[in-house]
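Chemist: Dropping the structure in here first, questions after.
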Amino acid sequence: MTLNLTDAEMRALDELCEKKDLSKTAVMRQALRLYQLIENRVEKGDKLFFEDEATKEKAEVMML
């Protein structure tokens, strides 16, 4: 498989690989599994939120 990424996307991938000490393949597999999990939950009517731990302020994440 060939994956075409912009320079910014490749930098982001490289940074995640370095931070997590994982290969590019491992990071992309994790990203795919996470995306699939989110899609399945959203399809069932669930919502995805980020919550500020200090203020308890919530922001909904909208998936395209």
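Chemist: Would you kindly give the portion of the calculated P(r) for the chain that falls above 13 Å, as a percent of all Cα pairs?
Modeler: 73 percent
Chemist: For segment 39-47, just list the computed ³J(HN,Hα) in residue order, Karplus coefficients 6.51, -1.76 and 1.60, θ = phi - 60°, integers in Hz, with x standing in for Gly and Pro.
Modeler: Those phi angles translate into 4, 4, 5, 5, 4, 7, x, 6, 10 Hz.
Chemist: Picking from I38, L48, T6, whose Cα lies most toward the positive end of the charge dipole for the chain (charges on Cβ: Lys, Arg +1; Asp, Glu -1)?
Modeler: It is I38.
Chemist: Excluding ligands and nucleic acids, what accessible area in Å² is computed for E60 using a 1.4 Å probe, to the nearest 10?
Modeler: So the heavy atoms of E60 present about 80 Å² to solvent.
Chemist: What's the magnitude of the charge dipole for the chain around its Cα centre, counting Lys and Arg as +1 and Asp and Glu as -1 at the beta-carbon? Answer in Debye, nearest 20.
Modeler: 300 debye
Chemist: For A59 and R11, compute 0.36 nm times the residue count separating them, minus their Cα-Cα distance, and round to one decimal in nm.
Modeler: My answer for the length gained is 14.6 nm.
Chemist: Cross-link partners among lysines for K20, C-alpha distance below 28 Å, same-chain residues fewer than 8 apart left out?
Modeler: K47, K56, K58
The values are calculated or read from the model by the stated rules, or taken from the named source; none is laboratory data. Keep in mind it's a predicted model, so treat the numbers as computed, not measured. With ideal geometry, Cβ positions are generated from the backbone for all residues, glycine too; neighbour counts draw on all protein chains shown. These area figures cover heavy atoms from the full protein model, side chains too; ligands, DNA and RNA do not enter into them. Shrake-Rupley method; radii C 1.70, N 1.55, O 1.52, S 1.80 Å.
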